[in-house]
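One structure below.
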Amino acid sequence: MTPKVRLTAKERGDEVLRAAVRAFAASGYEGTKTDEIARLAGVSQPYVIRLFGTKQQLFLAAVRSVCDRIEEIFREAAADSPELGALGRNYGRLLAERELLLVLLHGFSASGDPAIGDCVRERFGSIYTLIRDLTGATPQQAREFLSAGMLMTVMSAMQVLGPDSIPMPWAAELARTFD
């Protein structure tokens, strides 16, 4: 029998955070319960609360984690070629990690909550600034890039763009405009 490997507190926290991203992507902030996240992570609900404090704090951690990953993907793209086109070509990686985009959309939706709104606005601003810093894009170019990215994000949420998308003629036509 193989001995069970004990995770460190950091590793267990990362596991809970990954479970939270999955749960919040599926059900949003209001529709997700901490006991569901605990079940996905294989821990108790009190342990989730001990790690993150409240569901709101866990959601904020999930939003920050998602934004960190988006920024990481953009930095990797810019390392190869510091231009908007390179960042756009790497957007496919975001589509492949659909949960990232869904959590971001749920963050926008929950922004009426002051703490969530503050976090989402700050992080979206950081992504905007990063895009400009990495590529030298003008504000208008960055706006056009973000506009196309948001359309792709919404299409991904509707499951008409990205892996396992549901074929729709209008979506295929629109998707070709991103090339």
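The values are calculated or read from the model by the stated rules, or taken from the named source; none is laboratory data. This is a predicted model, so every value here is computed, not measured. Heads up, the Cβs are rebuilt from the backbone with ideal geometry, glycines too, and the neighbour counts pull from every protein chain shown. Ligands, DNA and RNA are excluded from the accessible area calculation, which covers all protein heavy atoms including side chains. Shrake-Rupley method; radii C 1.70, N 1.55, O 1.52, S 1.80 Å.
Some notes on this structure:
- Per-residue extension of 0.36 nm, minus the Cα-Cα distance of Asp118 and Met168, leaves a gain of 14.4 nm for this segment.
- Charged-residue dipole, Cβ positions (Lys, Arg, Asp, Glu), the chain about Cα centre, Debye nearest 20: 580
- Proximal charge balance of Glu15 [Cβ under 13 Å; K/R count +1, D/E count -1]: +4
- Using the 1.4 Å probe convention, the accessible area of the range 53-179 works out to 51 Å² per residue with neighbouring protein chains retained.
- Cα-projected label distance for Thr8 with Asp179, points at 7 Å along beta-carbon direction, nm: 4.7
- The simple spin-label model puts a point 7 Å past each Cα toward its Cβ; for Thr138 and Arg89 those points are separated by 2.4 nm.
- Among the helices of the chain, those built from whole DSSP H runs whose Cα atoms reach 18 Å or more along their own axis and whose mean Kyte-Doolittle hydropathy is at least 0.0 are 114-135, 139-157.
- Each Lys or Arg adds one and each Asp or Glu subtracts one; over the other residues with Cβ under 11 Å from the Cβ of His106, this totals -2.
- The calculated FRET efficiency for the pair Ser147 and Gln57, based on their C-beta separation and a Förster distance of 35 Å, comes to about 0.65.
- Mean separation of Cα contacts under 8 Å, 6 or more apart, over the residue count of the chain: relative contact order %: 20
- Annotation for the range 97-164 versus the range 27-71: alpha-carbon center distance of 20 Å.
- Gain upon complete extension [Asp35, Val154; 0.36 nm per residue less C-alpha separation]: 40.0 nm
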